[in-house]
Amino acid sequence: IVRKSGKGSIVISPRVDQPANEMFGFSADMRRRGLRPSHETLFAGHVRASSEVADALGIKVNEFVFQSRRLLVADDYPMGVAVSWLSPTLLKGKTPPTIEDLNNNSLYEWLQNTCGEETITGAIEFIEASVADNETAAQLQVAVGAPLLVVRRRSDDSKGMPAEYAVLRFRADRYRLQLQAGMLVK
């Protein structure tokens, strides 16, 4: 419960904790927590790779790459926005997912069904704080400047080659990462 001046006491929903040492797609993670995941695909198509995307995927700047932008929802409540770029080598000879494909399944489920079991075998993530710009605030139904948790993830295939680069922006009031550390090294 949070008290707000002029509004009284407001009951807020608990945060979803994501273990930082485990990699789950959003849908699988929400289902294992007993929440009903859904996606609203905002865009799916080819774009030119920015320097950040090109560097992450090991491709040339301005090379065409498949991008999806999706609103991540749990129990009809916006949790985050995911922007993913798939490596051109991953999709070579394959038809990329449609908006309908992405609205009906997780991206990782689509990749597994289309590209095979060993498509994504590991990832490295960088986590940082940010604030919501106008577009993200509207999508996540928060105020401009609201705190966000930003995850930048490069996923690799079974050969250690870049398969996907993603930038995920989560509502900081609804999502947090949990890290369990081992023994302290002195």
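Any number yet on Rg/Rh for segment 23-122, C-alpha, Kirkwood?
That ratio is 0.97, to two decimals.
Order 68-74, 159-165, 50-56 from most to least packed using the mean count of other Cβ atoms within 10 Å.
My ranking of the peptides, most packed first, is 68-74, 159-165, 50-56.
Could you work out the local net charge near residue 48, counting Lys and Arg as +1, Asp and Glu as -1, over the other residues with Cβ closer than 13 Å to its Cβ?
-1
Quick one: which of 126-138, 83-95 comes out on top by average Cβ neighbours within 10 Å, and what's the full order, highest first?
83-95, 126-138
Carbon and sulfur together cover what percent of the accessible area of segment 83-186 at a 1.4 Å probe radius?
With neighbouring chains kept in place, the figure for segment 83-186 is 51 percent.
Compute the length gained on full extension between residue 126 and residue 92: take 0.36 nm times their separation in residues and subtract their Cα-Cα distance, giving the result in nm to one decimal. The partial results should precede the final answer.
Values: separation 34, 0.36 × 34 = 12.24 nm, distance 2.76 nm.
Answer, rounded to one decimal: 9.5 nm.
Per residue, how much accessible area does segment 78-186 have with a 1.4 Å probe, in Å²?
Computed with neighbouring chains in place, this is 56 Å² per residue.
Alpha carbons only, please: Rg and Dmax for segment 41-186, in angstrom.
16.1, 52
Under a 1.4 angstrom probe, counting protein chains only, how are 66, 43 ranked by accessible area, largest first?
Ranked list, largest accessible area first: 43, 66.
Identify the residues of segment 81-95 with backbone N under 17 Å of a label point that sits 7 angstrom from the Cα of residue 43 along the Cα-to-Cβ direction, or state none.
It comes to 81-87, nothing else.
The values are calculated or read from the model by the stated rules, or taken from the named source; none is laboratory data. Quick caveat, the model's predicted, so the values are computed rather than measured. All Cβ positions, even for glycine, are placed from backbone atoms using ideal geometry, and neighbour counts span all protein chains on display. Surface accessibility is based on the protein's heavy atoms, side chains included, excluding ligands, DNA and RNA. Shrake-Rupley method; radii C 1.70, N 1.55, O 1.52, S 1.80 Å.
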